[in-house]
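The values are calculated or read from the model by the stated rules, or taken from the named source; none is laboratory data. Bear in mind the structure is a predicted one, so any value in this text is a computation, not a measurement. Using ideal geometry, Cβ is built from the backbone for each residue, glycine included, and neighbour counts are taken over all protein chains shown. Just so you know, the surface numbers come from the protein's heavy atoms only, side chains and all, with ligands and any DNA or RNA stripped out. Shrake-Rupley method; radii C 1.70, N 1.55, O 1.52, S 1.80 Å.
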Amino acid sequence: MSGETATSTSVTTGPDTSARPFGYINPEGKTAMLCEQDVAVRNQIDAELKKLGYLVSQPVSYRDALKQMRYHVFDVIFVSEDFDAEVSAANNVLLYLENMNMTTRRKSFVVLISAKLSTMDNMQAFHKSVNLIVNKQDIGNIEKILRQSIAEHDDFYRVFKEKLRRR
């Protein structure tokens, strides 16, 4: 017995959850994901979201963003049209959100950050499958724009969300 050596065995306890953006959070806590590579724009939006009471996750790539969305439904998602993409048509985060189950998708308020499109252009937002468009020049007013747009969104989907809660 003294000549025997102990062998270690690895025990898997479940799926890899290292991509979870937050540990335990209060169920009433609001969360946001910020997919923006321009540091100045990202810092300004991050500061405003934190003032509004959001916990903010900032993925560094579209793969990281997709992993995080697999484990958490964010209340607000900001996506730059050129986030980790060569051209805006190939934005993998927007493509993922576009193809998401609609019941899950409606739980998130998606904001497209654009250098070309106009702020609060509802037709372009509909065309891009997002809730709101914010032009980079209007980032200084993001708190006011976001408050107004989320209030309108909540009013519009109030009955729908109440029905989902009752299920």
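Kirkwood Rh and Cα-based Rg: tell me the resulting Rg over Rh for the stretch 37-76, rounded to two decimals.
Here Rg/Rh amounts to 0.98.
Mean separation of Cα pairs under 8 Å and 6 or more residues apart, divided by the residue count, gives the stretch 18-167 a relative contact order of 20 percent. Working note: Cα atoms of the stretch 56-108, range along each principal axis, descending, whole Å: 30, 21, 15. Between amide H atoms placed 1.01 Å from N, distances below 5 Å from residue 33 occur with 57, 76, 77, 78, all of them 5 or more places distant or on a separate chain. Remark: spin-label model distance residue 102-residue 164 equals 1.3 nm, labels positioned 7 Å along the Cα→Cβ axis. Accessible surface of residue 39, taken over heavy atoms with a 1.4 Å probe and every protein chain present, rounds to 80 Å². When only alpha carbons are used to place a centre, the stretch 109-123 and the stretch 28-48 end up 16 Å from one another. The spread of Cα positions in the stretch 34-167, taken along each principal axis and listed from longest to shortest, comes to 41, 30, 29 Å. Straight-distance candidates among the lysines for linking to residue 107, with alpha-carbon spacing under 19 Å and chain neighbours fewer than 8 residues away dropped: 30, 67, 128, 161, 163.
Counting pairs of alpha carbon atoms under 8 Å apart in space and at least six apart in sequence, what relative contact order in percent does the stretch 28-105 give? Provide the component values of the computation, followed by the final result.
Numbers: 90 pairs, mean separation 27.6, N = 78.
In percent, rounded to a whole number, it is 35.
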